[in-house]
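Below is one structure, written out as structure tokens; the observations come after it.
Bear in mind these aren't lab numbers, they're just calculated from the coordinates by the rules spelled out. Nothing here was measured: the structure is a model prediction, and the numbers come from that model. Positions of Cβ are backbone-derived with ideal geometry, glycine not excepted, and every protein chain shown enters the neighbour counts.
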Amino acid sequence: MNKSLRKAIIAGNWKMNKTRPEAKELLEAIKPLVADAKDVEVIACVPFTNLETAVNVTAGSNVKIGAENVHFEKSGAFTGEISADMLTELGVEYVVIGHSERRQYFGETDETVNKRTKAALAAGLKPIVCVGELLWERECDITEEVIARQIKLDFFGVSAEDIKKSVIAYEPVWAIGTGKTATADQAQEVCAFIRATLAKLYDQATADAVTIQYGGSMNAGNAAELLSKPDVDGGLIGGASLKANDFSVIVHAAVNG
Ligand code: 13P
């Protein structure tokens, strides 16, 4: 596998954190720290309320902005939801879809992940689609079945051209916010499995072009080892993305990874 076939992508997922002034302060701190990381796509995925501020603060820099969810309909009676067009109109380029917290707390299913992914792509947004097994699924030794099912369902009907615009984040649910990181070998094993699944569903060249991230307690201390693995092309970072210096260390680990 040749890592140079795809872009390293480090994305922060801020989750439900930061008011607008706090968001501005954090992004102002991040910008100069990552300005030299030209070969890495650096993204901050922020709460809806921070998007406009974030797009303005990062204008002209190499930090791109993403949302944390998107609805699949274009408009209509969907109280509390946000459409893909509303995001692109703001200058948002990426969107996290199917995060395990949304699957766990907000009834997200592979079917709705699939609909959101297609809606995002149709509007020109790049989806960061999250997949990952629960601890008991890993203990039952069905990690590969779970991941294959998620990949098949989440990308059902997505063309080869469109999947190349997508990012896949492997986030083992047991590693999120727990301080328990998958070992670099565990992360590599599943990221390679995801690529093999894509090769079966599409073809090898398409699979080789898709950026696959690891997420789950990635931090300044463990990023370099995780990102050195041949199929771990980037990271989706929760807690550590809220600290400018730590986030910058992870971005620079990707430059060298
Ligand atoms: P942590 O990095 O806080 O474990 O969160 C990972 C995550 O859920 C990123 O989407």
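Structure data summary
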{"quantity": "Residue with peak Gaussian network fluctuation, the chain [Cα springs, cutoff 10 Å], from 58, 19, 88", "calculated": "19"}
{"quantity": "Region 211-257 - convex hull of alpha carbons, volume per residue in Å³", "calculated": "59 Å³"}
{"quantity": "Amide H within-cut-off set for residue 8, under 5 Å, with H built and near neighbours excluded", "calculated": "41"}
{"quantity": "Difference of contour (0.36 nm per residue) and Cα-Cα distance, residue 79 to residue 36", "calculated": "11.3 nm"}
{"quantity": "Descending semi-axes in Å of region 1-113, equivalent ellipsoid built from Cα gyration tensor", "calculated": "25, 19, 13"}
{"quantity": "Relative counts (whole %) of C-alpha pair distances in region 123-215, using bins that are 5 Å wide", "calculated": "3, 14, 26, 26, 16, 10, 5, 1"}
{"quantity": "Packing-based exposure ordering (other Cβ within 10 Å, fewest first) of 73, 108", "calculated": "73, 108"}
{"quantity": "Rg(Cα) / (2.2 N^0.38 Å) computed for the chain, rounded to two decimals", "calculated": "0.92"}
